[in-house]
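Inspection log for the structure reproduced underneath, given as structure tokens.
The values are calculated or read from the model by the stated rules, or taken from the named source; none is laboratory data. As the structure is a computational prediction, the values presented were derived from the model and not from experiment. Note that each Cβ is placed from the backbone with ideal geometry, even for glycine, and that neighbours are counted across all protein chains shown.
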Amino acid sequence: MEKYIYPNSIRNHGCGKAFILRDEEGKEWFVNCGMPRPLDHATAEYLRREFPWCAPSRVLGLKKTIAAEDFLGAAGDALLRSFRGTDAIPVPVHLSPLELACTERSYADALDAATFAAYREGYMQPWGAEATVTSEVEAALALLSGYTIITLDLRNTRRIFDEPDDTQADFYLNQEHKLAGETMKFDFGTLRRCYQSFGAAVELAAQVYQRHILGSGADFALSLSNMNLPTTAEEHYYIASELRRRGVVIQAFAPRFRGEFPLCGEFRGEAEKFGEEVKLHAAIAKQFGYKLSFPGCSYKLRILPNLGLESAGYFHTDTDGLAWISALRLAAKADPSLFRRCLQLCQESVGEAAQLFPLTVNLGAIPEASQPEDFQLPGLIDREEVRQLLYICHGHLLHAPLKDELLRLCRERQEEYDALVMAAVHRQLAYLDFG
């Protein structure tokens, strides 16, 4: 391998030129005034300090934001490049406690990788870093690491025995609540259901906001997308109203919509009714001053136009493993042996992996790794079941020696891999703009 200086990284700084260099062994260095520094945490902090555009910023208040995971660590430049010339803002760091465990990275590791990608690419537009958390401790750790979006997952906060107090009863039962020109009325049964389902969630959100978010310079978002039951308009309105009464300001909210939203798979449900739900929830979000969030919407081409149209293009979503699937697509095309071994390990590990992800993969629709001919392997990635298997088992692949082989392949064929990543992202953006 020859030495290579990333052209977009070259800039005047200090006593001379600064740039990122890849040496003959494939190791990268930040070179400033002739002095090389390894791409470690100290160098990442230096870049964020000296070049502010290498640090994430608050972006949820902007119109269209897209989170994009890079499990393997080879797609950061391409992900940022994908957003040049578009009206979408990238969030190239998107972590949850599960992803921290699956990828064996820390909050700092993922943020540092995005910082190096921004510098290599010369990406000077805004970008964000999102952590999905379930507790105060996780929120505090992410904020300390410099994350600019904290999304609180409220799936485990239901409390079914308490009753709403008189103050809430007076507020909801004795008033007409206006929504997009319509009047929303609460009876006591509806109010009790809202309180028992989400009263504790509101209290947790208020606690995290007051103790950690307020004054931190980070955006705050809430997610109900992992709940078992769809979020009704009354429940959404109740949560938004209770947050406002407590002085909590959020920038995004993810309801649980009707239908099924399988990882790396197509939406299962009625697209027209989904559009109607989006329109109603978007009206509530607009009234209370935040945007809707739609986790895991890649590959859901039936509903992406509804999402973009009914939310008036004001939303937050994510790419649902597009970069990871693109890496395996490259392996299927360029190194059939590597892809077969990856697929075989996934088939052997799916039972354990399925305990972590709420998804049942139809293994009967996936052939044994040795069965297809080499030329048939790239077509396997187009099967929903294969993508789902490869996605939920990514932690097992990243913990195996196969990770190094896959990473080496992506770096040796970086241009080809980048093209696959960018094509996948552009396809999603095109569908979002279709409406």
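Some points to look at:
- Qualifying residues in the range 30-62 (those that are under 22 Å from Asp219 (Cα atoms), in contact with a strand residue (DSSP E or B) (Cβ under 8 Å, 6 or more places away or on another chain) and surrounded by fewer than 17 Cβ atoms within 10 Å (Cβ to Cβ)) - the one modelled with the highest pLDDT: Arg58
- Options Ser145, Ser135; residue that is closer than 18 Å to Arg105 by Cα and either among the small types (Gly, Ala, Ser) or at pLDDT below 95 (or both): Ser145
- Restricting Asp77, Asp70 to those that are outside any loop (DSSP other than H, G, I, E, B) and acidic (Asp, Glu) reduces the list to Asp77.
Every residue, every condition in (1) surrounded by fewer than 13 Cβ atoms within 10 Å (Cβ to Cβ); (2) within 17 Å of Glu235 (Cα to Cα); (3) touching a Lys or Arg at 6+ places or on another chain (Cβ under 8 Å), yes or no:
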site	(1), (2), (3)
Ala129	no, no, no
Leu141	no, no, no
Leu179	no, yes, no
Lys185	yes, yes, no
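- Residue match in the range 229-250 (condition: aliphatic (A, V, I, L, M), at negative phi, in contact (Cβ under 8 Å) with a residue 60 or more places away in the chain and outside any loop (DSSP other than H, G, I, E, B)): no
- Looking across the range 74-90, just one residue is of a type in the set (Val, Ile, Thr) and either surrounded by 20 or more Cβ atoms within 10 Å (Cβ to Cβ) or touching a strand residue (DSSP E or B) at 6+ places or on another chain (Cβ under 7 Å) (or both), and that is Ile89.
- Residue within the range 1-11 that is aliphatic (A, V, I, L, M), exposed (fewer than 14 other Cβ atoms within 10 Å of the Cβ) and in contact with a Gly (Cβ under 9 Å, 6 or more places away or on another chain) present: yes
- The combined condition, being in a helix (DSSP H, G or I) and either at pLDDT below 95 or under 19 Å from Ala282 (Cβ atoms) (or both), is not fulfilled by Gly217.
- Where a residue in the range 1-23 is assigned to a loop (DSSP other than H, G, I, E, B) and its partner, wherever it lies, is of a type in the set (Gly, Ala, Ser), with Cβ under 8 Å and at least six apart: Met1/Gly26; Ile10/Ala18
- Candidates Ala252, Ala271 - the one that is touching a Lys or Arg at 6+ places or on another chain (Cβ under 7 Å), farther than 21 Å from Leu390 by Cβ, at pLDDT below 95 and among the aliphatic types (A, V, I, L, M): Ala271
- Some residue of the range 415-431 being more than 21 Å from Val91 (Cα to Cα), surrounded by fewer than 16 Cβ atoms within 10 Å (Cβ to Cβ) and without any contact (Cβ under 8 Å) to a residue 12 or more places away in the chain: yes
- Restricting attention to the range 42-67, the residues that are among the polar types (S, T, N, Q), out of contact with any helix residue (DSSP H, G or I) (no Cβ under 9 Å at 6 or more places or on another chain) and not in a loop (DSSP other than H, G, I, E, B) add up to 1.
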